[in-house]
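Trainee: Starting off with a structure, shown below.
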Amino acid sequence: MLAIESLHVRVEDKEILKGISLNVGAGEVHAIMGPNGSGKSTLAHVLAGRDGYTVTSGMATYNHANLLAMPPEERAREGVFLAFQYPVEIPGVSNIYLLKTAVNAIRKHRALEELDAMDFIGLVKSKMKLVDMDEQFLYRAVNEGFSGGEKKRNEILQMAVLEPRLAILDETDSGLDIDALRVVSDGVNALRSKDRSFILVTHYQRLLDYIKPDFVHVLAGGRIVKSGDASLALELEDRGYGWLEQHAGAAS
Amino acid sequence: MSASSREIEKLIGQGYKQGFVTDLEADTFPPGLNEDVIRALSAKKNEPGFLLEWRLKAYRHWLSMKSPQWAFVHFPPIDYQEISYYSAPKDKRGGPKSLDEVDPQLIETYKKLGIPLAEQEKLAGVAVDAVFDSVSVATTFKGKLAEAGVIFCPISEAVQCHPDLVQQYLGSVVPYADNFFAALNSAVFSDGSFVYIPKGVRCPMELSTYFRINAANTGQFERTLIIAEEKSSVSYLEGCTAPMRDENQLHAAVVELIALDDARIKYSTVQNWYPGDENGVGGIYNFVTKRGDCRGVNSKISWTQVETGSAITWKYPSCVLTGDNSVGEFYSVAVTNHFQQADTGTKMIHIGKNTRSTIVSKGISAGRAHNTYRGLVKVLKNAENARNHTQCDSLLVGDKCGAHTFPYMEVKQPSARVEHEASTSKISEDQLFFCQQRGISAEDAVSMIVNGFCKEVFKELPMEFAVEAQALLGISLEGSVG
C-alpha cells in the first residue's frame, strides 16, 4: 500500500525528517509515537501534500505510484485521508455541502456517477451513527462553534463518508476526554478492514488501549529509532521516551 | 509565495468573457459637452420642451459642482470634453418597429451575451429591454405586458407616449441637483427603461434591462424610472457588460423607484462591466445614483446587487422610507480583484413611523483590490419605532487587498433601534489545504467558501439570476488563489 524509503524533509533551513523508511501493508494499523518535535506531524503532512515542506531525498510510493508527485487533492481522490490535529472552521459552508462536494469530486475522479441529494443523505446518515453525531451538525458551518471533541468526531465522520484506503490520523486523541476518545476509537475500529490501512500519529499510549495497532514505531530526532508490536507502546508508557532519545542522539 | 497562494492568484485572474466589440456603423456625436450638445441630443429624441428645459437647468447646475472626493477610490480627473455623449447603432430603416426589424448583428451580440431577444427563445417569463450604448434597441413581450396594463418601454419612448407620467415623476426621487454625477446624467441621459405598474397589478413577469456599452470614447448615461402604483408589485433585473478597452469609460446612471401605498418593488442588479485588466489598465468607471422612495404607507423597496465588474464602483442604492410602516432592504455582494476599487453601500432614510430597514453587505477583496462599505442609517425626528439592522461582512483572499467599512448613523428619534454588526475574515491556506485534502480543488474550494459567504444575498435573487451570479463570482475570482 505505502512504501516510504529514506525520506528526508526540510522546513525552511531545518532538516526535520532525516531518513524515514516505513512499509504499510493493506489492512495494517501502524502507530507512530514519539516525543514532541520529533517530526510525527511533519510526516503526516508530507504524506498528505501540505505546502511548506521540501523533500530533499527519498521517496514514497502509494499503490505503485509516486505519492510525492501528486497534488494534495489527487492524493485525496486516490484514497489518502488525513484527520487533522486542528480541524479548520469554514464559516458559511455547511458540513453537508462540504461532504457532498468532496464525495462527488472523489467519485468523479474514479469515473463513478455523482451522487444525487437523496442517495447522498442516505449515505451520510448511515455513517453518522458510527460517530454518534446528531443530524443537526450536518447543517452547521464546518466546525464553526464545535467543541474540540465535536471537531474530532467530525473528522472521523468525513473519513467514514470518504472511505479512504490509507487513513492518517494526526494526534486525533489530543484534547479528547475519555468519552470522546471512546467514540472516536469506536468509529475508527468500525472502519478497519483488510483493504484499509491506518497510520495513527500519537504522543500517548492511551489511544492504543482502544485501537490496537499491528505495529508501533518510535520517531525521535527525525528517525524511526525503534519498531515493534503493540507491546512496545506499553513499554514506552513505563519507561518514557528518554532512553530512546539517547539512543537516537548516539546514532546521529 | 506558497503553491496554494499561487493557486488563489490564478483563480482570481481569469478572463473577462464579454469583452468583444461589435463592429457596427454608429451615429456618434463628436466629443464635447455644452448647451448645444444637449439641445442636439434633445432634438434627436424629439423631446418636449419641459425636458429640454430640465436638462439645461441640470447642466447649468452641474457646471457649478465639483466631482466628489470623499469616496475611498483613486482615479485621475476625468476630462468631460473628451467624451462623446451620444452613440447609437445607425439605423437604415428609420427605427425598428418589431423584433424582426432589429439589426441581426445586434441580435447576435445579445445572443453571445446569453440574452436571446427572439421571444420564442426567451427565458420563460422574463421581458427584456436591451440598451446598446445610448439607445434601447429592443424590448420583448411588450404586447403581453400591455394586456396587464404594464408599461415597459425605453424611457425615450415614454417621453413621447406618456409625457405626463415622466414629467410628474422624473427627478422626484433623485433631483438634478442631488450630486455631481446625477446632475451630469440629468443633463445628458440618453436612454434607459421606463416601467409603470398600474394600481392593483402584480406584474405578470420579471422585467429586465440589459445594458451594453460598445462604442469607444463614449459615456453611457442611462436613466431608469419605475413607478409602482397602489397595491401593485414588480420584480426588475438589470445586467451590464462592456468590451475590453485600454481607456477607462464612464458610466453614470440614475435609477429612480417610486412605490405608492402597499406597493412592492424588487430591484436586482448583476453588474459585470469590464473591470480592466490584471494590471489595472482600462475598465468602466461606474458612478451610479440609485434611490427608491417608499412614498406610500406599507410600501416596500428591496435592492439586491451582485457587483463583480467595473474598474471603480461608486454606488449607494438607497431607500427613502417616507410612508408609515414602509420597508427598505439592501442586499449586496461586491467582489473586487486585481486593481478594482469599490466604494459601495446604501442609505436608509427613516421618515415615516414604524419604518424598517435591513442591510446585508458582503464584500470580497482579492488581488490588490480595495473594497469599501459605506452606509448611512438616518432616523428623522418623527420616525417613531424605526428599526434598522445592518450586517456588514468582509472576506479577504490573499494578503495584498483591503476591506474598509464606514458606517454612519444619525438618529433623532429616541424610540428607534439601530443595530450594526460587522466582521472581517480571510480565506486561509489552512482552509484551502483542508478542502484539497478532502479531494476538492483549490479553485472549487475558493468558490465554495465565497458562495457560502454570499449565501444570504444570493437567496434574495430571482432563481435564474442566482445561478448566473454564482457562476460570475467564480469567473471574477479566477486566478485569486495563490
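Trainee: Kindly provide the set of residues from region A:107-121 that are open to solvent by 50 Å² or more (accessible area, probe 1.4 Å) and either within 13 Å of chain B (Cβ to nearest Cβ) or not in a helix (DSSP H, G or I) (or both), ordered by number.
Mentor: Matches in region A:107-121: A:Arg107, A:Lys108, A:His109, A:Arg110, A:Ala111, A:Leu112, A:Glu113, A:Glu114, A:Asp116.
Trainee: How many of the residues making up region B:37-51 are open to solvent by less than 40 Å² (accessible area, probe 1.4 Å) and part of a helix (DSSP H, G or I)?
Mentor: Residues in region B:37-51 being open to solvent by less than 40 Å² (accessible area, probe 1.4 Å) and part of a helix (DSSP H, G or I): 5 in total.
Trainee: Taking region B:260-301 as the search range and keeping residues that are closer than 29 Å to B:Leu184 by Cβ and of a type in the set (D, E, K, R), which one is modelled with the lowest pLDDT?
Mentor: Result: B:Asp277.
Trainee: Output the residue which, of all residues in region A:59-75 that are in a strand (DSSP E or B) and open to solvent by 40 Å² or more (accessible area, probe 1.4 Å), is nearest to the other protein chains (Cβ to nearest Cβ).
Mentor: A:Asn66
Trainee: Ok, one more. Pull out all pairs, ordered by first then second residue, where Cβ-Cβ is under 6 Å, the residues are six or more apart or on different chains, the first lies in region A:86-106 and is at positive phi and open to solvent by less than 10 Å² (accessible area, probe 1.4 Å), and the second is among the hydroxyl-bearing types (Ser, Thr, Tyr) and part of a helix (DSSP H, G or I).
Mentor: Qualifying pairs under 6 Å: none.
Trainee: Go through region B:41-70 and give me each residue that's within 17 Å of B:Gln81 (Cβ to Cβ) and touching a residue at least 24 places away in the same chain (Cβ under 8 Å).
Mentor: B:Leu41, B:Tyr59, B:Trp62, B:Met65, B:Lys66, B:Ser67
Trainee: Name every residue in region B:322-341 that is open to solvent by less than 10 Å² (accessible area, probe 1.4 Å) and in contact with a Lys or Arg (Cβ under 8 Å, 6 or more places away or on another chain), in order of residue number.
Mentor: Selection gives B:Gly323, B:Ser326, B:Gly328, B:Ser332, B:Val333, B:Ala334.
Trainee: Only residues that are facing chain B (nearest Cβ under 7 Å), part of a strand (DSSP E or B) and small (Gly, Ala, Ser): list them for region A:76-96, please.
Mentor: A:Gly92
Trainee: Could you check region B:450-473 and list, in sequence order, the residues that are in contact (Cβ under 8 Å) with a residue 24 or more places away in the chain, at the interface with another protein chain (Cβ under 10 Å from one of its Cβ atoms) and open to solvent by less than 30 Å² (accessible area, probe 1.4 Å)?
Mentor: B:Val450, B:Phe453, B:Cys454
Trainee: Give region A:197-218 a look and list any residue that's open to solvent by less than 40 Å² (accessible area, probe 1.4 Å) and part of a strand (DSSP E or B), or say none.
Mentor: A:Ser197, A:Phe198, A:Ile199, A:Leu200, A:Val201, A:Thr202, A:Val216, A:His217, A:Val218 - these are the residues of region A:197-218 that are open to solvent by less than 40 Å² (accessible area, probe 1.4 Å) and part of a strand (DSSP E or B).
Trainee: Can you go through B:Ile359, B:Ile349 and tell me which one is open to solvent by 10 Å² or more (accessible area, probe 1.4 Å) and not in a loop (DSSP other than H, G, I, E, B)?
Mentor: B:Ile349
Trainee: Then there's this: Please enumerate the residues belonging to region B:37-86 that are over 21 Å from B:Phe180 (Cβ atoms) and in contact with an Asp or Glu (Cβ under 9 Å, 6 or more places away or on another chain).
Mentor: B:Lys44, B:Lys45 - these are the residues of region B:37-86 that are over 21 Å from B:Phe180 (Cβ atoms) and in contact with an Asp or Glu (Cβ under 9 Å, 6 or more places away or on another chain).
Yes/no matrix, rows are residues, columns are (1) out of contact with any Phe, Trp or Tyr (no Cβ under 8 Å at 6 or more places or on another chain); (2) in a helix (DSSP H, G or I); (3) open to solvent by less than 40 Å² (accessible area, probe 1.4 Å); (4) facing another protein chain (nearest Cβ under 8 Å):
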site	(1), (2), (3), (4)
B:Met409	yes, no, no, no
B:Ser415	yes, no, no, no
B:His420	yes, no, no, no
B:Ser423	yes, no, no, no
B:Lys426	yes, no, no, no
B:Gln431	yes, yes, yes, yes
B:Phe434	no, yes, yes, yes
B:Gly439	yes, no, yes, yes
B:Ala445	yes, yes, yes, no
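Trainee: Would a scan of region A:33-53 turn up a residue that is part of a strand (DSSP E or B), open to solvent by less than 20 Å² (accessible area, probe 1.4 Å) and either away from chain B (no Cβ under 14 Å) or aromatic (Phe, Trp, Tyr) (or both)?
Mentor: Checked against the condition, which is being part of a strand (DSSP E or B), open to solvent by less than 20 Å² (accessible area, probe 1.4 Å) and either away from chain B (no Cβ under 14 Å) or aromatic (Phe, Trp, Tyr) (or both), region A:33-53 yields at least one hit.
Trainee: If I ask for residues that are open to solvent by less than 70 Å² (accessible area, probe 1.4 Å) and not hydroxyl-bearing (Ser, Thr, Tyr), which ones from region B:52-61 would you list?
Mentor: Within region B:52-61, B:Leu52, B:Trp54, B:Arg55, B:Leu56, B:Ala58, B:His61 meet the criteria.
Trainee: Still on this model: Looking only at region A:161-180, count every residue that is among the polar types (S, T, N, Q) and either without any contact (Cβ under 8 Å) to a residue 60 or more places away in the chain or open to solvent by 20 Å² or more (accessible area, probe 1.4 Å) (or both) and tell me the total.
Mentor: 1
Trainee: Consider A:Val80 against the criteria (1) in contact (Cβ under 8 Å) with a residue 60 or more places away in the chain; (2) open to solvent by 70 Å² or more (accessible area, probe 1.4 Å): it satisfies all of them except one. Which criterion is unmet?
Mentor: (2)
Trainee: Counting just the residues of region B:386-407 that are assigned to a strand (DSSP E or B) and open to solvent by 70 Å² or more (accessible area, probe 1.4 Å), which one comes out farthest from B:Trp70 (Cα to Cα)?
Mentor: Out of the qualifying residues, it is B:Arg387.
Trainee: Next question, about the same structure. Quick test of your reading of the structure: B:Val297 fulfils all but one of (1) buried (at least 21 other Cβ atoms within 10 Å of the Cβ); (2) assigned to a loop (DSSP other than H, G, I, E, B). Name the failing condition by number.
Mentor: (1)
Trainee: Another question about this same structure. What's the total number of residues in region A:122-160 that are under 21 Å from the mean Cα position of the chain (by Cα), open to solvent by 10 Å² or more (accessible area, probe 1.4 Å) and within 12 Å of another protein chain (Cβ to nearest Cβ)?
Mentor: The qualifying residues number 1.
Trainee: Okay, moving on. Test A:Val9 against the criterion of being within 12 Å of chain B (Cβ to nearest Cβ), in contact with a helix residue (DSSP H, G or I) (Cβ under 9 Å, 6 or more places away or on another chain), in contact (Cβ under 8 Å) with a residue 12 or more places away in the chain and among the hydrophobic types (A, V, I, L, M, F, W, C), and give yes or no.
Mentor: So A:Val9 does not fit the description; no.
Trainee: Could you identify the single residue in B:Val306, B:Val270, B:Val281, B:Val254 that is in contact with a helix residue (DSSP H, G or I) (Cβ under 8 Å, 6 or more places away or on another chain) and farther than 29 Å from B:Val159 by Cα?
Mentor: Selected residue: B:Val306, the only one of B:Val306, B:Val270, B:Val281, B:Val254 that is in contact with a helix residue (DSSP H, G or I) (Cβ under 8 Å, 6 or more places away or on another chain) and farther than 29 Å from B:Val159 by Cα.
The values are calculated or read from the model by the stated rules, or taken from the named source; none is laboratory data. Values in this document were obtained by computation on a predicted structure and should not be read as measured data. Using ideal geometry, Cβ is built from the backbone for each residue, glycine included, and neighbour counts are taken over all protein chains shown. The protein model used for the area step is the full one, side chains on, heavy atoms only, and it has no ligands, DNA or RNA in it. Shrake-Rupley method; radii C 1.70, N 1.55, O 1.52, S 1.80 Å.
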